[in-house]
């Protein structure tokens, strides 16, 4: 007993000495190598726990709370093996292994584009852009991506934060490079914000401090920073009523999604990021509350608890997670995530090694199991706005809107319902050279929605009589096609009447099985104040 007490006393004295040494060395901080590895493991485990907790609820609550029972057991963690929140970002980690930490960003886009798994939203557009010869940073730019503000980078940037303990400027620099593969503006800020929180969580235990550290990395004038500040204000006003806070937030910000305009479906990075912050603030370090609230906020409700739980995982470390969660992760610790060469255990070790490399490259050192690194200040990311003052106006179906005119042999295309039990006319298509689809509208922006199919063909697009560019609607990558995607879009037009003309070329990608151009509808936008620019909360 005396020997055990001596060990405990020695450990306490060593801890006090380490804290004093870290504080005495001005501008430095310390963490043990064992703590670093444990917190990295906590972050990866948090991703796996959160994504499986919310998986059955994903997009089942659109602009409403998810109020059905949530059942989850640690055995469900195995489901993380096939979650895109994990395997997509491990593709980037594999690219770092192959090409180095300073790999050309085009190589990372190529790895994503040629990965053997389906992609959606901004990642899908980045893949299409690669095969169309559009590379970073243009591949994520709103000129070439209707999906620029989508959530994609936010849910797959975790590895960057995990390998940058206390190094927020590294986070900004790495995220800026990689995030523009598939996103822009708020879409990139999502990854920066989440990763800056991880970076802070290695040394901070207070949730509010961690969130504020994440905010420091964002341009204050960005909508992403504004919505996070709104959640903080709502939490102060409704400290014990997260549902009341959610309702006011939704009234102000619930329709911000450009790519989902006209629908309650919202894949926007900042709104879903706000739900992460809501889960963290109202959960206040409690794992069960954080998971439940970030899930019940709805929309992308597997990704949001995944990020929120990963923040807690870094703060607490793997060894301080509930035993049943630790055991659930350990049970499949050496199993490979699909489409990767990584398991949980090897991802932790690889991230740890990259973290040590980055620490040393930034003036840190590892001696006697203690890591000392300089305090790193952060310069907020540059301000980018994907769709300034863009406001949704209406949808215009090719079958019912008077603005559409068709010349040539356009045919209706019947699409089956999700349950394959019925069919409905959803689009028109033509492969005949010279056939025209013309849409006239009043507004300042429009997206032409169509299909990217394996028999997709090419067309020229004219705006007010002038050729803008040619488009290619072929898509069959990883045995995947996409219906109802933006095949061409434009914003920031002068107010007034405009005409879009799509002329079928009768040509196609050599890989295509046809030359069809499919058109479903136009989504019309105007310029004006968004609700979040003018709305005031009830307590203001």
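Only the coordinates and a few stated rules stand behind these numbers; no lab work does. Since the structure is predicted, the reported quantities are computational estimates derived from the model, not experimental observations. Every residue, glycine as well, gets a Cβ built from its backbone with ideal geometry; the counts of neighbours run over all protein chains shown.
Could you give log10 I(q)/I(0) at q = 0.09, 0.13, 0.16, 0.20 Å⁻¹ for region 277-434, computed by the Debye formula over C-alpha point scatterers of equal weight, without solvent? Normalising to I(0) and taking log10 leaves -0.67, -0.98, -1.16, -1.36.
For the chain, what does -39500 (n - 2.57) per DSSP helix run (n ≥ 4), summed and divided by total residues, give at 222 nm, in deg cm²/dmol to the nearest 500? Rounded to the nearest 500, it is -13000 deg cm²/dmol. Between the beta carbons of residue 99 and residue 131, assuming R0 = 25 Å, the FRET efficiency works out to 0.80 to the nearest 0.05. Panel note: the C-alpha atoms of region 452-491, placed on their principal axes, show extents of 36, 19, 11 Å (largest first). In this rough spin-label picture, where each label sits 7 Å from Cα along the Cβ direction, the residue 478-residue 63 distance is 3.0 nm.
Counting every alpha-carbon pair across region 454-540, the share separated by more than 22 Å comes to 44%. Counting neighbouring beta carbons within 10 Å and listing from fewest to most, the residues 172, 398, 378 come out as 378, 398, 172. In units of the compact-protein estimate 2.2 N^0.38 Å, region 87-180 shows a Cα radius of gyration of 1.02. Subtracting the Cα-Cα distance of residue 233 and residue 399 from 0.36 nm times their residue separation leaves 55.2 nm of extension gain. Here r is the Cβ-Cβ distance between residue 535 and residue 367 and R0 is 45 Å; the resulting FRET efficiency, rounded to 0.05, is 0.25. Among beta bridges from DSSP that stay inside the chain, the antiparallel ones total about 95%. Secondary structure note: in region 399-481, about 95% of the DSSP beta bridges are antiparallel. Based on Cα contacts under 8 Å between residues 6+ apart, region 2-374 shows a relative contact order of 29 percent. What is the percent of Cα-Cα separations in the chain that go past 38 Å? When every Cα pair of the chain is considered, 31 percent fall beyond 38 Å.
Rg and Dmax over the alpha-carbon atoms of region 264-341 stand at 13.9, 40 Å.
Modelled label positions at residue 71 and residue 32, each set 7 Å beyond Cα in the direction of Cβ, lie 4.2 nm from each other. Each peptide in 232-243, 104-115, 359-370 gets a packing score, the mean of other Cβ atoms within 10 Å over its residues, and the list from highest to lowest is 104-115, 232-243, 359-370.
Treating each Cα of region 230-284 as one equal point scatterer and applying the Debye formula with no solvent, the log10 of I(q)/I(0) at q = 0.28 Å⁻¹ comes out as -1.10.
Compute the helix-to-body angle for 242-253: its Cα long axis versus the longest principal axis of the chain, expressed 0 to 90° and rounded to tens. Between the helix axis and the principal axis of the chain, the angle is about 40 degrees. Computed from Cα positions, the angle between helix 269-283 and the longest principal axis of the chain comes to roughly 30 degrees.
For region 390-532, the Kirkwood estimate of hydrodynamic radius, built from reciprocal distances between every pair of different alpha carbons, is 15.6 Å. Just report the Cα centroid separation between region 525-540 and region 65-134, whole Å. What the calculation gives is 34 Å, centre to centre. Between residue 389 and residue 420, full extension at 0.36 nm per residue minus the direct alpha carbon distance yields a gain of 7.2 nm. Helix 2-24 and the long axis of the chain differ in direction by around 60°, with both axes built from C-alpha atoms.
By DSSP, the beta bridges lying fully in region 390-532 are antiparallel in about 95 percent of cases.
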